[in-house]
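Visitor: One structure coming up, written as structure tokens, with questions to follow.
Readers should treat all values here as calculations from the given coordinates under stated rules, not as data from a laboratory. As the structure is a prediction and not an experimental result, all values here were calculated from the model. Neighbour counts run over all protein chains shown; Cβ positions are idealised from the backbone, glycine included.
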Amino acid sequence: MPKLIFVSHDGNEHAVDAKSGTTLMNAALDNGVPGIDGDCGGECSCGTCHVMVDRKWLDKVGSTSGFEESMLSMNAEREESSRLSCQIIVSDKHDGLRIVIPAHQM
């Protein structure tokens with residue numbers, strides 16, 4: 001079971017054990033990690049699960065899809081490492097993944 005480290009905008013860390021096959025968003029919601037809303041339920045249509053992936057991990061989380069790019073393009077806090085956590089499927093290769101949660105969601 002991969003351990004994920006969610007880092008809130010104020011630096012607090014929330015380490016969670018996530019089941020492979022779930023999304024980063026669901027791993028956060030299932031474990032009470034604050035700052036990820038997931039209003040659309042993981043349908044890539046709201047942008048309220050925006051996170052920034054630690055740059056060391058970008059190659060392991062994959063690239064964005066067209067829908068994800070559309071949602072991220074509307075976010076003023078977007079960074080190079082921004083992703084929607086509903087679009088990243090957790091696997092064993094993500095053990096130790098660090099994810100930063102922005103101060104505000106869309």
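Visitor: Select from Leu29, Ile88, Asn12 the residue farthest towards the positive end of the dipole of segment 3-100; place +1 on Cβ of Lys and Arg, -1 on Cβ of Asp and Glu, and compute about the Cα centre.
Guide: Ile88
Visitor: What dipole magnitude, in Debye to the nearest 20, does the chain give about its Cα centre under +1 on Lys/Arg Cβ and -1 on Asp/Glu Cβ?
Guide: Approximately 280 debye in magnitude.
Visitor: Can you give the alpha-carbon Rg of the chain over 2.2 N^0.38 Å, where N counts its residues?
Guide: It is 0.94.
Visitor: Something else about it: In whole Hz and in residue order, list the ³J(HN,Hα) couplings for segment 59-66 that follow from phi through the Karplus curve 6.51 cos²θ - 1.76 cosθ + 1.60, θ = phi - 60°; x for Gly and Pro.
Guide: Going residue by residue, I get 5, 8, 9, x, 9, 7, 8, x Hz, with x marking Gly and Pro.
Visitor: Sticking with this one: So for segment 3-100, if I pair up every lysine 8 or more residues apart or on another chain, how many of those pairs have alpha-carbons under 13 Å apart?
Guide: For segment 3-100, the number of qualifying lysine pairs is 5.
Visitor: Calculate for the chain the 222 nm mean residue ellipticity that helices alone would give, adding -39,500 (n - 2.57) per DSSP H run of length 4 or more and normalising by residue count, nearest 500 deg cm²/dmol.
Guide: -4000 deg cm²/dmol
Visitor: I've got another one for you. Give me the distance between the Cα centres of segment 5-34 and segment 48-84, rounded to whole Å.
Guide: 16
Visitor: Evaluate the distance, in nm, between pseudo-label points positioned 7 Å from the Cα of Lys19 and of Lys3 along their respective Cα→Cβ axes.
Guide: If labels sit at Lys19 and Lys3, their model points lie 2.1 nm apart.
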